[in-house]
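FYI, it's all coordinate maths here, none of it is from the lab. The structure displayed is predicted, hence computed values, not measured ones. Glycine also receives a Cβ, built like all others from the backbone with ideal geometry; neighbour counts cover every protein chain displayed.
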Amino acid sequence: MNALPDLTPVGDVAELPDAAMGPRGLIWWGTFGFMLIEGAGFVLAGGSLLYLWAQAPQWPPVGAPPPALGFGLAFTVLILLSALPNIWLQKRARACDLPASRLGLVVMGLLGVALMGLRGYELAHLNIRWSANAYGSLIWLMMILHTSHVLTDLIDTLVIAVWSFTHEPGRPQFADISDNAGYWSFVVLTWPPIFLLVYGLPRWS
Amino acid sequence: MEGSADVILYKRGLLTLAAGLLSGCAGQQSVLSPASDQARTLSWLGLLMGVICLLIYLLVVVLLGLALRRRARPAISPTGEVSGPVEGWLQRGLTIWASFVAAVLVVLAGASFVTDRILATPRGPAPLDVRVTGQQWWWRIAYRSPITGEWIETANELHLPLDRPARIELTSADVIHSFWVPGLHGKLDMIPGRANVLAVTPRKLGWLRGQCAEFCGLEHALMAFDVKVETPAEFQAWLAHQAAPAQARAGPGLALIENGACGGCHTVRGTRAKGRAGPDLTHLASRRALAAKTLSLSHGGLMGWITQPQALKPGAEMPASGLDPERTKALVAYLEALK
Amino acid sequence: MSAVPILDRAEAEARCLAAWRDAPGLWGFLTTVDHKRIAGRYVCTTMALLFMAGVLALDMRLQLAFPGMHRMGAQGYNEAFTLHGSTMLFLVSVPVMEAMAMWLVPLMLGQRNMAFPRLNAFSYWTYLGGVLMLWVPHALNVTPDLGWFQYPPLSGPGYAPGHRTDVWAQMITFTEVAALSVSVNTAVTILRMRPLGMTLAKMPLFLWAMLVASVMTILALPAVMLVTSMLIADRLVATHFFDPVAGGDVVLFQHLFWFFGHPEVYIIFVPALGFVAQIVETFSRRRVFGYIPVVLSLLTIAVLAFGLWVHHMFAVGLPKLGASFYTAASMAIALPTGLQIYCWIATLWGGRPRLTTPLLWVIGFIATFVIGGLSGVMTASAPLDLQLTDTYFIVAHLHYVLIGGALFPLFGAFCYWFPKATGRLLSERWGKVSFWLVFGGFNLGFFPMHFLGLMGMPRRIYTYGHEMGWQPLNVVALAGSVIAVGGGLIFVANACFSFKRGAPSGPNPWEASTLEWACASPPPPYNFTHSPVVDSLTPLWPPPQVLPVVTGLSLDEREVLVTSVVDAQPVHRQASAKPSIWPLVSALAVSATFVGSIFTPWALVWGTLPVAAALTAWFWPHRRLTPGARRLLGKAT
């Protein structure tokens, strides 16, 4: 039969909502896909570091002190603490609570700025140049990879914050706020392994 | 007419030479002409796998042909589903096929592991140590001197004694190269910062050919080398000769080397030329070829290489000598005496 | 006749067209988010590049047909094989498979567009940036010349001065961003936008194949982005990732590259298996034999493919025990592949085959790919591979699996879906002629290369001496290649003529079973006015008089239906993105950043600004302003 069939309705989807929160929503899966991509990149970069560490007679090589622990610890503590307002924001956004979402976005924005400041101090006290040797190159690689994610989420958060103060969000936009908070959780969770590789491994080997 | 008779003889000679070269050389770099224990083991493995793969391919093609040409066709439901005895046999066939393929893979993997074990087990007297370092685009070869025990260098031509395992240590001074003499073994990469070891036990006398098998830059295609497998006595004589300093009488050619640019890159042991960037020339004229088999070691080859290396192998590290024809002749005369 | 309510098709079509049509002319071209138009662009671009890579190949074959030829010098030849390989692998093979998915997935799902319409547009422009990143420098004589995988130290700062290698490395960055974008889009669309009733167990095999290939892409491509970035860093800002003197390792490059490189070839091959499944089903006139074994094989191939990469490094000198593991794994992947071959043959055996051109290409695939698979089993053996790798044996193997395993099914897919895309039928006669020329020419051209490898001919050499005895087979290789290219030109000519003058095809000329054949040929911009409901793997078998659909998606606004992952239950409606210039602007900003970073690392810093601005404009939701914001902007409250 080479003709278009007639169409008969057997159901109606008009009553469906125009967005869904979390993994039930479509956009969430796009964000998750990009987390997979970046997670794969992190794993491979970390794997490269471990590969060269396993071959190195000394890590860090002679004459290079490990990165200064103070700033790294401060960053770690703050980013882990930031998970709390982040989870609260995600819950409030999924409940379509506009005032709470606005507050949460401002708080997360300020935290992001503070963390970027701390990250700047960290980078200035890694005690090795990327051009000194492979150890230096890898330390910087891990730090730059993570920093780019902190920065991206910070910019996202600030833009969404401005938007949320100047517009009337619908369910899809609350889902976006929730997804952005989810991305921050990813940024938080990827940090501890990197912290261990950058700050811990040079001290334990 | 003498002239034309000479010409005819000359042409016949060339043809004979060509035919000899063709048949001779064609096998010198072939995987299928093994001249060592290892290459022989690998060619058996290759034959086994090749035959099995060929049979499987024929089976698949026959089954495909039968599937297309069968007469009896089953009933198909309107939704495209099929049931019946033929379908039942196809289902059983799937299990049989899966088991068959798995069994074949186990056999082939097993043959591969057995080959690995055979290749790893050294047999015979104490191995000869050789070091080969890949350079863009030539081969630095080193042996221990039988007299002093020091490492002495030559280039682009490897000699090995018959029936004695050789332990060839491979590395690179610049980029990744790959050492490959199909008649002796598979290839192994030469990697800066690493030392790889190839163990070969030659079993046939004669010449073999090797070629770089990892793209290493502009003149990768012109990076080959000769291998000569000789009797232990011949090999000892050759090695002792290579270990000795230069045999040629001093002359204007030597002065050109020592005082000119040549000595800055090349070594002629026993003279003041001690450069290490280029190949060791102490016994250059004992070799068959020049510039990693870019040219044969003839008078014309030497003249051309010294005058115009960039025309023959563009990008090679060797600069033009800048010498006039008289001096070039003197230089070549000296080099030809470096037997 | 039962009184089933019938929807007013004409009214629905008119309303959908108004909502989904593109603006006319250049603006519409630049802003479209119609997956079919974007996919069409991809296909045209990749086929033009296939032709250019083919010309390079003929050039190389001609050069090697005569020993000692100096028509092409070393530099010219090295550039040729680098351009050929890089174009085929990064700019043709993966993009064309993704383009076929982009075109077909929404149609096979009965949907109006993909999950992220603007991301498709962005991916094409970024991909085009990658094409220009490689070919414009070639026109300016800065052609990369170290092969399609450029190992350090040869590609490092010490031995590759200038920008050729940077061009190569950055081209990869462009194409990987594009490929990752399409893959996320494809995977999410297949998982969350299936029609009601299309549970995972009732999903056509092509969609399984594309889902698997997309997830593999997501996990494999970051490796090549990382490694090429590390190489650029070594070259540009003096890092030492691959510098053995400073604690780096050149072999690390190989591990990272091949961790991508092996899955990459399966990323190219798995979609081809999807094409084969649909073509075999339609032209055997029955469901594919062994649906579950085929799905499990696809999943097994995907997993195993990530555990094989070291077989590209058997000659590096890694520990023997490790090599044995990779031998076993590399041989093991032949099992799921072999199972699939059995299932295709069994489908033909237990069906009623019709020898149309698409099925001929599938037969050609089986007859050709199996040779490549078997030569792959030989090279899987680590010790034997030491003789075979880096020789013409491997050149033969890789072309047999890529051309036989991917391009033949692709050409079959072009013939199969051409009527749906254009509304016209190809000439069967010229289709068959082009098939036999390509099939015969390819096998004539490449089979001798197995023997050349055994005769000791290494890869990537621009010439050889007459005494090697390699000339006769190289001449045969040239002849075969010429014949194959001739067949390819006839194939293209057939497509061009049939596009203008082919017989009208109607919606379902092949009497196929999947949903894409239930919309018009060519499909209107919106594909389907209403989303169908399916209850079987073969919704159009038997051909329905009346197709069950759901109502409720807007006909006047762009909306798509989002369903649940496993059971395809309805979850929510999703507003589908409208045409937009921002994907193009974002791609331009990204391109400028990538090109600039070849010259200075500061480009990455400064480039962040325009990229961020473009992305902000792209994602900025357009909703009502608050009264405060209105006052601020001087608008009426």
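For the protein assembly as shown, with only Lys/Arg (+1) and Asp/Glu (-1) charged at the beta-carbon, what is the dipole magnitude about the Cα centre, in debye rounded to 20?
Numbers: 79 positive and 64 negative charges, 207 e Å.
Using Cβ point charges on Lys, Arg, Asp and Glu, the protein assembly as shown gives about 1000 debye.
Got a sec? Which residues in segment C:537-580 would a label at B:GLU81 touch, if it sits 7 Å along Cα→Cβ and we count backbone N under 14 Å?
C:537-539, C:541-542
Just order A:5-14, C:212-221 by mean Cβ neighbour count inside 10 Å, highest at the front, would you? Don't skip to the answer; put the middle values down first.
On the way: A:5-14: 16.2, C:212-221: 24.9.
Descending packing order for the listed peptides: C:212-221, A:5-14.
Taking other Cβ within 10 Å of each residue's Cβ, how do C:TRP541, A:TRP28 sort, fewest first?
Numbers: C:TRP541 23, A:TRP28 20.
Ranked by crowding around the Cβ, least crowded first: A:TRP28, C:TRP541.
Mind pulling the per residue volume of the convex hull built on the Cα atoms of chain C? Å³ is fine.
Details: hull volume 113.0 nm³, N = 637.
Hull volume over Cα atoms, normalised by residue count, gives 177 Å³.
Given C:LYS432/C:LYS578; B:LYS204/B:LYS339; B:LYS339/C:LYS320; B:LYS274/B:LYS329; A:LYS91/C:LYS36; B:LYS204/B:LYS274, which pairs have Cα atoms separated by over 32 Å?
Details: C:LYS432/C:LYS578 41 Å; B:LYS204/B:LYS339 25 Å; B:LYS339/C:LYS320 42 Å; B:LYS274/B:LYS329 22 Å; A:LYS91/C:LYS36 38 Å; B:LYS204/B:LYS274 36 Å.
As for pairs spanning more than 32 Å Cα to Cα, those are C:LYS432/C:LYS578; B:LYS339/C:LYS320; A:LYS91/C:LYS36; B:LYS204/B:LYS274.
Counting only other chains, what is the mean number of Cβ atoms within 10 angstrom of the Cβ of each residue in peptide C:623-630? Numbers along the way, then the final one.
Working: counts 8, 4, 3, 7, 1, 2, 6, 1.
Per-residue shielding by partner chains comes out at 4.
Rg over Rh of segment C:147-214, using C-alpha atoms and the Kirkwood radius, what does it come to?
Details: Rg = 19.3 Å, Rh = 14.9 Å.
Rounded to two decimals, Rg over Rh is 1.30.
Could you work out the mean count of beta carbons from other protein chains within 10 Å of each residue's beta carbon in A:120-133?
Values: counts 0, 0, 0, 0, 0, 0, 0, 0, 0, 2, 6, 7, 5, 7.
Average neighbour count from other chains, rounded to a whole number: 2.
Under Stokes-Einstein, with the Kirkwood radius over Cα pairs standing in for Rh, what whole-number D in µm²/s applies to chain B at 25 °C and 0.890 mPa s?
On the way: Rh = 23.9 Å.
D, rounded to a whole number, is 103 µm²/s.
Order these by the 10 Å Cβ neighbour count, fewest first: A:TRP184, C:TRP582.
Details: A:TRP184 26, C:TRP582 20.
Lowest count first: C:TRP582, A:TRP184.
Express the relative contact order of chain C as a whole percentage, based on alpha carbon pairs under 8 Å and six or more residues apart in sequence.
20 percent
List the aspartates and glutamates whose Cα lies under 13 Å from the Cα of B:LYS293, skipping any in the same chain that are fewer than 8 positions away.
Filter leaves B:GLU157, B:GLU219, B:ASP226, C:GLU467.
May I ask for the Rg/Rh ratio of segment B:198-237, computed from Cα atoms with Rh as the Kirkwood radius, given to two decimals?
On the way: Rg = 13.5 Å, Rh = 12.2 Å.
Radius of gyration over Kirkwood radius for segment B:198-237 works out to 1.11.
When 1/r is averaged over all different Cα pairs and the result inverted, which Kirkwood radius in Å belongs to segment C:458-563?
19.3 Å
How big is segment B:252-336 in terms of Cα radius of gyration and Dmax, in angstroms?
Rg, Dmax (Cα atoms, Å): 11.7, 31.
Rounded, prolate or oblate: pick one for segment A:31-173, where a ≥ b ≥ c are the square roots of the eigenvalues of its C-alpha gyration tensor, a/c under 1.5 means rounded, and failing that, prolate if a/b is larger than b/c, else oblate. Present the calculation step by step, with values, prior to reporting the outcome.
Values: a/c = 3.14, a/b = 2.20, b/c = 1.42.
Prolate shape, in that a/c is at least 1.5 and a/b is the bigger ratio.
So how tilted is helix B:325-336 from the main axis of chain B? Cα-based, degrees 0 to 90, rounded to 10.
Between helix and principal axis, roughly 70 degrees.
For segment B:193-284, what is one quarter of the convex hull surface built on the Cα atoms, given in nm²? It would help to have the intermediate numbers written out before the result.
On the way: hull surface 34.3 nm².
Mean orientational projected area (segment B:193-284, Cα hull): 8.6 nm².
Using only C-alpha positions, report the orientation-averaged shadow area of the convex hull of segment C:494-637, nm², one decimal.
Values: hull surface 67.0 nm².
Directional mean of the projected Cα hull area for segment C:494-637 stands at 16.7 nm².
Once you sort the root eigenvalues of the Cα gyration tensor of segment C:241-288 as a ≥ b ≥ c, which label holds: rounded (a/c under 1.5), prolate (a/b larger than b/c) or oblate (the other case)? Provide the component values of the computation, followed by the final result.
Details: a/c = 10.39, a/b = 8.71, b/c = 1.19.
Prolate, since a/c reaches 1.5 and a/b exceeds b/c.
Using just the C-alpha positions of segment C:201-339 as equal point scatterers, what log10 of I(q)/I(0) does the Debye formula give at each q in 0.13 1/Å?
Scattering profile of segment C:201-339, log10 relative to I(0): -0.66.
For the ranges A:30-41, C:89-100, C:523-534, what's the packing order if you count other beta-carbon atoms within 10 Å of each residue, average per peptide, and put the highest first? Numbers along the way, then the final one.
Details: A:30-41: 19.2, C:89-100: 25.9, C:523-534: 22.7.
Final packing ranking: C:89-100, C:523-534, A:30-41.
So for the protein assembly as shown: antiparallel DSSP bridges make up what percent, rounded to the nearest 5? Walk me through the numbers before you get to the answer.
Numbers: 39 of 57 bridges.
About 70 percent, rounded to the nearest 5.
Using only the Cα atoms of segment B:37-120, construct the convex hull and provide its projected area averaged over every direction, in square nanometres to one decimal. Walk me through the numbers on the way to the answer.
Values: hull surface 28.4 nm².
Spelled out: convex hull of the Cα atoms, projected over all directions, averaged, 7.1 nm².
Just need the relative contact order of segment C:521-601 here, percent rounded to a whole number, with Cα pairs under 8 Å and 6+ apart. Can you show the working numbers first?
Working: 51 pairs, mean separation 14.5, N = 81.
RCO, segment C:521-601: 18 percent.
How big is the antiparallel share of DSSP beta bridges in chain C, given as a percent to the nearest 5? Can you show the working numbers first?
Numbers: 9 of 9 bridges.
Counting DSSP beta bridges with both partners in chain C, the antiparallel share is about 100 percent.
Please report the spacing between the Cα centers of segment C:211-276 and segment B:181-255 in Å, no decimals.
About 35 Å separates the Cα centre of segment C:211-276 from the one of segment B:181-255.
In Å, what Rg and Dmax follow from the Cα atoms of segment A:112-167?
Taking only Cα atoms of segment A:112-167, I get Rg and Dmax of 14.9, 50 Å.
Diagonalise the Cα gyration tensor of segment A:89-205 and give the resulting equivalent ellipsoid semi-axes, square root of 5 times each eigenvalue, largest first, whole Å. Don't skip to the answer; put the middle values down first.
Details: eigenvalues 240, 34, 22 Å².
With the √(5λ) rule applied to segment A:89-205, the semi-axes are 35, 13, 10 Å.
Based only on other Cβ atoms within 10 Å, what is the fewest-to-most ordering of C:THR379, B:THR95, A:THR157?
On the way: C:THR379 23, B:THR95 9, A:THR157 27.
So the ranking, lowest neighbour count to highest, is B:THR95, C:THR379, A:THR157.
Tell me the Kirkwood hydrodynamic radius of the protein assembly as shown in angstroms, computed as one over the mean inverse distance between distinct C-alpha pairs.
Numbers: mean 1/r = 0.0305 Å⁻¹.
One decimal place: 32.8 Å for the Kirkwood radius.
Mind checking the angle between helix C:164-192 and chain C's longest principal axis? C-alpha axes, 0 to 90 degrees, to the nearest 10.
For helix C:164-192, the angle is close to 30 degrees.
Let me have the relative contact order for chain B, percent, based on Cα pairs under 8 Å that are six or more residues apart. Show your work: numbers first, answer last.
Working: 558 pairs, mean separation 50.9, N = 339.
RCO, chain B: 15 percent.
Output needed for segment C:381-515: three equivalent-ellipsoid semi-axes, defined as square roots of 5 times the C-alpha gyration tensor eigenvalues, in descending order, whole Å. Display every interim value, and only then the final one.
On the way: eigenvalues 297, 58, 16 Å².
Semi-axis lengths for segment C:381-515 are 39, 17, 9 Å.
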